[in-house]
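Chemist: Before I ask anything, let me first share the structure, which is written out below as structure tokens.
Laboratory data are not the source of any read-out in this text; all were calculated from the coordinates shown. Just so it is clear, the model here is predicted, and its values are computed rather than measured. Here the Cβ is made from the backbone with ideal geometry for all residues, glycine too, and neighbour counts use every protein chain on show.
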Amino acid sequence: MNITALVVSPLYWLAGKVFSLWARPVVQPELPLELITDQDAAVCYVLETGGLADLLALEQACDAHGLPSPTSTFEFCGSRDHKRVIVLRRMTGFFARRPGKTSSQRLQRLVEAAEQGEQDLLLIPVAIYWGRSPEKERSVIKLLFSEDWNVAGRTRKFFATVLHGRNTLLRFSHALPLRSINSAGQDSAIAYRKVSRILRVHFRKRRVATVGPDLSHRRTLIDQVLRTPEVRRAILAEAGDDYRKQEVARRKAQKYALEIAANISYPTIRIVERFLKWLWNRIYDGIELNHIDRLHEVAREKEVVYVPCHRSHFDYLLLGYIVYEEGLHLPHIAAGINLDMPIVGGILRRGGAFFLRRSFKGNRLYAAVFDAYLHQILVRGHSIEYFVEGGRSRTGRLLAPKGGMLVMTINSYIKSARRPVVFVPVYFGYEKLIEGDSFISEMGGAEKKKESLGGLIRSVKSLREHFGNVYVNIAEPIELEPVLDRMHPEWRDYESTNGERPAWLAGVVDVIGEKIMSGINSAAAVTPISLLASVLLATPKQKIGINELRRQLTLTLALMHRFKYSDSVTLPDWTPDKIIKHGEKLDVVSRSTHPMGEVIHMTERTAVLMTYFRNNILHLLAIPASVACCFIQGQRLEHEELQRLIRLIYPFMKKELHLKWDFDDVDDVTSAAIQSLIDLEILKVGDSRTTLIRPPAGSEKAFQLLMLGQSMVPMLQRFYLVIAILVSNGSGTLSRQRLETLCQQSAERLSMIYGLHSPDFFNKTLFHDFIRTLQDQRVLRRNTDGLIEFDDAIKSIGADARLVLGEEIRHSILSLTMSEDSSQARE
């Protein structure tokens with residue numbers, strides 16, 4: 001050991017001890033040791049710019065995770081005492097630090113040594129970000145010591161370490177085998193340049209994914225929006241040649257842009273992040289995050305558009321929090337203008353929210369400004385987030401996708417295809433909603449209350465309640481380019497002279513929208529509460545013996561494992577008793593004792609809200625439940641007859657539940673569902689091998705089959721109701737709007753008579769979609785007067801419903817339609 005080492009080693013050890021008292025970087029991935037796939041290969045870390053603070057942070061991480069120390073030496077290809085750290089861009093200068101002109105000599109020596117031997121070397125890039133804030137022009141004071149795209153000098157690095165020691169991310173990347181990079185046996189000089197280029201590109205992409213692209217000042221961005229040709233054309237269209245009117249229109253456009261634009265503040269984000277961490281720990285047992293690796297894979301090289309389902313106002317906060325905690329840069333989030341409230345709106349805007357009005361109709365200038373703003377943030381490489389459903393679902397089902405934001409996103413990419421765009425669907429699974437009370441009243445017909453600061457303050461009281469777990473599942477990403485290539489291969493050649501969108505864009509938007517909704521459903525999280533809701537709501541009065549409940553929960557989980565909707569669906573690994581106790585803890589169910597066995601039940605108010613959580617997972621067993629429905633009234637059915645019945649109702653199920661299968665695949669899916677029911681012994685095969693038989697009436701298995709089928713009965717009741725009203729009134733007598741109104745009113749009356757604890761049963765949107773599907777299937781058509789016409793074949797469709805619906809409910813539906821007919825005759 002030389003004299004320099006004798007002096008430096010104790011000082012380095014002391015610096016490490018001082019450093020560890022304050023700086024505690026977050027390490028990703030959680031188990032970096034797994035990145036070393038070849039145990040016989042030598043390991044060497046690669047830092048982008050190096051420095052004592054980076055080296056100490058790496059030393060701390062390696063010591064904590066059992067990795068070789070970065071200050072140790074190793075033998076490689078017969079050459080000894082190689083340092084285990086490579087600095088890709090070594091800095092020069094003592095105070096004013098700048099990248100040196102010479103390249104990494106250590107990397108060059110290792111590449112030359114690899115040429116002489118057979119041993120492999122794993123290069124592990126290590127990116128360290130002291131604070132994760134993109135640079136924002138003219139905001140030097142706020143973000144002086146945050147991580148940005150500039151090289152930090154020693155003074156700045158010192159303060160960054162002090163200020164951001166606990167807000168620092170250290171990310172190990174997958175090891176790069178040196179031998180595979182230079183597999184072609186190139187000259188060492190060429191191989192060295194190739195390896196250096198790969199590492200530089202890697203660090204640049206990682207910085208974009210983690211820190212985000214450089215941010216222009218908000219005023220600069222708004223000026224660029226106002227100078228776009230689309231906005232200028234809109235100003236001229238509104239003002240004409242009058243200069244004064246043009247100036248008024250320009251100021252109006254500027255006002256619109258200020259109303260829309262986000263104003264990101266990373267100090268605000270850090271404060272909100274700490275508050276949210278406290279909040280989630282306060283109200284949730286935990287946040288269960290699944291399939292996050294999918295997001296990390298695409299965020300490195302692609303522009304991410306987050307498209308989650310919309311269950312709660314917490315969705316905005318929850319996804320942003322998760323993205324930030326995962327070391328990715330925050331997305332710009334599209335929020336309704338109703339959330340731009342005093343105080344709250346400012347915080348959201350500083351957290352990355354940009355605001356949009358519910359409708360752009362009749363305001364060409366506003367539409368042009370918003371479109372231009374969205375295009376500007378997309379071409380800069382920012383990720384964005386919006387809800388394609390438009391608003392929050394009040395029923396627990398996914399809403400039909402709205403094309404507005406998708407149209408602008410896809411059109412922006414067609415105009416300027418830079419980084420590949422990928423849509424990332426996200427599923428939120430809650431066990432309790434802070435908006436539960438308002439959802440109940442809105443589903444019952446009350447008007448939606450406008451968001452206000454007072455309402456927000458009142459809702460804070462709910463935070464004292466317990467909300468269980470929240471589940472966040474990342475679905476399979478959807479790349480835009482392959483869809484464009486398949487549907488319109490010449491899209492890259494499209495040029496718009498006057499800002500008009502291509503005529504074929506609507507078809508692409510429809511396909512992407514349906515892929516997103518199907519993707520969200522394919523990543524569903526089955527929660528203990530949704531399981532309890534599915535079983536309890538299948539009983540007549542939301543009461544069931546505890547043993548029957550245990551058996552039905554076991555059956556439901558077993559069926560979900562056998563009839564697997566998607567590999568992305570997550571199921572709870574809980575026993576039935578643990579599920580029941582969890583429901584009691586959240587006040588979802590109660591337990592009553594009885595000498596013959598305990599009874600589990602829920603209140604009427606709870607039952608209404610539980611329809612929401614049942615509907616969250618209704619699609620997962622829609623086909624097996626529909627098969628079970630067919631045996632509610634009948635003892636036996638032929639296999640082919642079952643397939644025919646499912647084919648009949650599948651277009652309506654697909655529309656209502658956003659099922660993933662194409663119509664041509666339905667017979668095979670039905671057969672798979674039937675086989676799953678046979679395997680679980682709640683269906684039997686007859687002697688002919690083509691006949692399916694229900695278990696004996698009164699048996700445990702027959703009860704389980706009946707319970708399973710009940711979840712699809714409301715949809716079939718709506719089906720029969722629409723057909724009955726059409727037949728009763730006759731062809732060419734009802735407008736579509738009148739038919740929807742009659743259906744809603746009749747369903748609401750049925751709900752009152754039979755005590756159906758499901759306000760979504762008479763949801764007008766469901767009838768609207770149902771009637772639209774009948775038109776798409778050409779069962780219904782509109783005449784020149786706008787009235788609905790149909791053929792006598794529609795009566796046979798209604799006859800099939802008798803196989804499922806009981807006589808009492810069919811009689812009530814027919815009575816309602818006859819009474820409506822009589823009232824019209826009196827008028």
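Chemist: Going by amide H atoms built from the backbone, whose H comes under 5 Å of the H on Glu431, apart from near neighbours?
Modeler: Asn469
Chemist: Related question: In nm, to one decimal, how far is the modelled label at Trp13 from the one at Ile271, with both set 7 Å along Cα→Cβ?
Modeler: Here the modelled spin labels are 4.4 nm apart.
Chemist: Sketch the reach of a paramagnetic label on Asn783 as a point 7 Å from Cα along Cα-to-Cβ, and name the residues of region 701-732 whose backbone nitrogen lies under 13 Å away.
Modeler: Under 13 Å, as judged by backbone N against the label point of Asn783, lie 730-732 of region 701-732.
Chemist: Write out the trypsin sites (Lys or Arg not before Pro) in region 214-272 meeting two conditions: DSSP loop, and at most 15 other Cβ atoms within 10 Å of their Cβ.
Modeler: Those satisfying the criteria are Arg227.
Chemist: Here is a follow-up. Which chymotrypsin sites (Phe, Trp or Tyr not before Pro) does region 490-549 hold that lie in a coil by DSSP with at most 16 other beta carbons within 10 Å?
Modeler: Taking region 490-549 and a limit of 16 other Cβ atoms within 10 Å, the loop chymotrypsin sites (Phe, Trp or Tyr not before Pro) found are Tyr494, Trp504.
Chemist: ³J(HN,Hα) across region 262-270 via Karplus (A = 6.51, B = -1.76, C = 1.60, θ = phi - 60°), whole Hz, x for Gly/Pro?
Modeler: Values per residue, Gly and Pro as x: 6, 9, 4, 10, 6, x, 4, 4, 5 Hz.
Chemist: Below 14 angstrom from the Cβ of Gln254, what's the summed charge of the other residues (Lys, Arg +1; Asp, Glu -1)?
Modeler: Result for the local shell: +4.
Chemist: Once the Cβ-Cβ distance between Ser180 and Arg562 is put in as r, and R0 is 30 Å, what FRET efficiency do you end up with, to the nearest 0.05?
Modeler: 0.10
Chemist: Further question on the same structure: What is the local net charge at Arg636, summed over the other residues whose Cβ is closer than 14 Å to its Cβ (Lys, Arg +1; Asp, Glu -1)?
Modeler: Within the 14 Å Cβ shell, the charges total -1.
Chemist: Using θ = phi - 60° and the Karplus form 6.51 cos²θ - 1.76 cosθ + 1.60, what ³J(HN,Hα) does each residue of region 687-692 get, whole Hz, x for Gly and Pro?
Modeler: Taking θ as phi minus 60°, the curve returns 4, 6, 6, 10, 9, 10 Hz for region 687-692.
Chemist: Determine the gain in length on full extension of the stretch Glu118-Arg605; use 0.36 nm per residue of separation and subtract their C-alpha separation, reporting nm with one decimal.
Modeler: Residue separation times 0.36 nm, minus the Cα-Cα distance, leaves 168.1 nm.
Chemist: What's the FRET efficiency of Glu490 with Glu301 using the Cβ-Cβ distance as r and R₀ = 25 Å, to the nearest 0.05?
Modeler: 0.50
Chemist: Modelling each spin label as a point 7 Å along the Cα-to-Cβ direction, I'd like the Val26/Asp241 distance in nm, to one decimal.
Modeler: It is 6.0 nm.
Chemist: Tell me which residues come under 5 Å, amide H to amide H, from His332 once H is placed; ignore anything under 5 positions away on its chain.
Modeler: Here Ser383, Ile384, Glu385 satisfy the definition.
Chemist: Moving to a separate point now. Each residue of region 557-568 in order: what ³J(HN,Hα) in whole Hz does its phi give by Karplus 6.51 cos²θ - 1.76 cosθ + 1.60, θ = phi - 60°, with x for Gly and Pro?
Modeler: 5, 5, 5, 5, 6, 6, 9, 7, 5, 6, 5, 7
Chemist: Now for a different question. Relative contact order for region 642-795 using alpha-carbon pairs under 8 Å, separation at least 6, rounded to a whole percent?
Modeler: Taking the mean separation of contacting Cα pairs over the length of region 642-795, I get 20 percent.
Chemist: Follow-up. Sketch the reach of a paramagnetic label on Ile198 as a point 7 Å from Cα along Cα-to-Cβ, and name the residues of region 104-131 whose backbone nitrogen lies under 11 Å away.
Modeler: Correct set: 121-124.
Chemist: Additional query: May I ask you to compute the full-extension gain from Ser590 to Asp187, defined as 0.36 nm times their residue separation minus their alpha-carbon distance, rounded to one decimal in nm?
Modeler: This chain segment gains 137.5 nm when fully extended.
Chemist: A follow-up question, please. Cβ under 12 Å from Ser188's Cβ, Ser188 left aside: what net charge do those residues give with Lys, Arg +1 and Asp, Glu -1?
Modeler: Charge balance in the 12 Å sphere: 0.
Chemist: Please give the contour-minus-distance gain from Asp665 to Lys578: 0.36 nm per residue of separation, less the Cα-Cα distance, rounded to one decimal in nm.
Modeler: 27.6 nm is the gain from fully extending Asp665 to Lys578.
Chemist: Return the FRET efficiency for the residue pair Ser735, Gln633: r is the Cβ-Cβ distance, R0 is 30 Å, and the value is rounded to the nearest 0.05.
Modeler: 0.35
Chemist: With a cut-off of at most 10 other beta carbons within 10 Å, and DSSP calling the residue loop, which GluC sites (Glu not before Pro) in region 465-522 qualify? Please list them.
Modeler: Glu490, Glu495, Glu500
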